[in-house]
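Colleague: Here it is, the structure, as structure tokens.
The values are calculated or read from the model by the stated rules, or taken from the named source; none is laboratory data. A quick note: this is a predicted structure, and the numbers were derived from the prediction, not measured. Every residue, glycine among them, receives a Cβ derived from its backbone with ideal geometry; neighbour counts consider all protein chains shown. Just the protein is used for accessible areas: all its heavy atoms, side chains included, with ligands, DNA and RNA removed. Shrake-Rupley method; radii C 1.70, N 1.55, O 1.52, S 1.80 Å.
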Amino acid sequence: VFLVALVFRIDGVLRTEFSDGVSPTAPNLFVVDLQDDQRAGFDEALARHRTPPLEVAALVRSRIVALSDRPVAELYPDPEAAPWWINREYTLTFRDAPGDAERLLKGRFWSPGSTEPEASLERSTAERLGLDLGSWFTLDVQGAELRVRVTSIRTVRWSSMRPNFFMILPPRLLADAPRSWFAVAHVPDATTRADIQRDLVRRFPNLMVL
């Protein structure tokens, strides 16, 4: 009886904390796996329902292969013994400024159009990887190695429901990388949300609309 009561208690606490931390205008419609050639159709579908997206972010898959010019294979000869933040796949994005749910702690963002090998890291990610401003690390971006230098460190408010990322790079660096898009919108009316979901899935069956 105690265990069952505890489960309900924890559920209530988590629901309260989560709802208190989310803005009433936070995203409540999420679209995953949007492709480049579907962007125009996606914008048209939302415009028909007078619902512009709050944000559309690129998703680029990558893995870390070197830290401070030391190969991961050298740092962790046994891959199974490597910590999860080394073995995991990182989803990158590209933009020229911090997002609405981010705050710059140290360093600076690059100028728009920059081709310098720069990166912005989320604070806890930088700490886990042992990186700081000026540190170099290398990513395998779907088969192509990309060596970049940390030029800024950010905090992220994860409860914002916005597209948030551990790593951000300049757009020019990832211009040719295979990618998909993740879009978020706020739709106050549940009926309109359902209509948008039906319209998008009917036109683009590959999309996951939540």
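Colleague: Take the residues in region 146-162 that are modelled with pLDDT of 95 or more and open to solvent by 60 Å² or more (accessible area, probe 1.4 Å), then tell me which one is farthest from A66 (Cα to Cα).
Modeller: R149
Colleague: Here's something else I'd like to know. Kindly list, by first and then second residue, each pair from a residue in region 192-210 that is touching a residue at least 24 places away in the same chain (Cβ under 8 Å) and among the charged types (D, E, K, R) to a residue that is assigned to a loop (DSSP other than H, G, I, E, B) and surrounded by 18 or more Cβ atoms within 10 Å (Cβ to Cβ), limited to pairs with Cβ atoms under 8 Å and residues at least 6 apart or on different chains.
Modeller: R193/V187
Colleague: Looking at R157, is it of a type in the set (K, R), closer than 27 Å to R103 by Cβ, in contact with an Asp or Glu (Cβ under 9 Å, 6 or more places away or on another chain) and in contact (Cβ under 8 Å) with a residue 60 or more places away in the chain?
Modeller: On the way: of a type in the set (K, R): yes; closer than 27 Å to R103 by Cβ: yes; in contact with an Asp or Glu (Cβ under 9 Å, 6 or more places away or on another chain): yes; in contact (Cβ under 8 Å) with a residue 60 or more places away in the chain: no.
Spelling it out, it is not the case that R157 is of a type in the set (K, R), closer than 27 Å to R103 by Cβ, in contact with an Asp or Glu (Cβ under 9 Å, 6 or more places away or on another chain) and in contact (Cβ under 8 Å) with a residue 60 or more places away in the chain.
Colleague: While we're on this one: Output the residues belonging to region 70-85 that are modelled with pLDDT of 90 or more and not small (G, A, S).
Modeller: Step one: of region 70-85, the residues modelled with pLDDT of 90 or more are 70-78, 82-85.
R70, P71, V72, E74, L75, Y76, P77, D78, P83, W84, W85, listed by residue number.
Colleague: Across region 163-205, what is the number of residues that are open to solvent by 70 Å² or more (accessible area, probe 1.4 Å), closer than 18 Å to Q38 by Cα and not basic (K, R)?
Modeller: 4
Colleague: Here is a further query. Could you go through region 133-152 and let me know if any residue there is touching a residue at least 12 places away in the same chain (Cβ under 8 Å) and assigned to a helix (DSSP H, G or I). Give the derivation first.
Modeller: Step one: list which residues in region 133-152 are touching a residue at least 12 places away in the same chain (Cβ under 8 Å), which gives 133-142, 144-152.
Next, from what is left, pick out any that are assigned to a helix (DSSP H, G or I): none.
No, there is no match, as no residue in region 133-152 is touching a residue at least 12 places away in the same chain (Cβ under 8 Å) and assigned to a helix (DSSP H, G or I).
Colleague: Then there is this: If a residue has to be among the basic types (K, R) and farther than 20 Å from V65 by Cβ to count, how many in region 123-145 make the cut?
Modeller: Step one: filter region 123-145 for residues among the basic types (K, R), giving 123, 128.
If we keep only those that are farther than 20 Å from V65 by Cβ too, we end up with 123.
Here the count works out to 1.
Colleague: So, one more: Looking for something surrounded by 19 or more Cβ atoms within 10 Å (Cβ to Cβ), under 12 Å from V156 (Cβ atoms) and in contact with a Leu (Cβ under 7 Å, 6 or more places away or on another chain) - is there at least one such residue anywhere in region 109-121? Full working, then the answer.
Modeller: Here is the first cut: in region 109-121, the ones surrounded by 19 or more Cβ atoms within 10 Å (Cβ to Cβ) are 110, 118-121.
Keeping just the survivors that are under 12 Å from V156 (Cβ atoms) gives 120-121.
Next, from what is left, pick out any that are in contact with a Leu (Cβ under 7 Å, 6 or more places away or on another chain): 121.
Yes, some residue in region 109-121 is surrounded by 19 or more Cβ atoms within 10 Å (Cβ to Cβ), under 12 Å from V156 (Cβ atoms) and in contact with a Leu (Cβ under 7 Å, 6 or more places away or on another chain).
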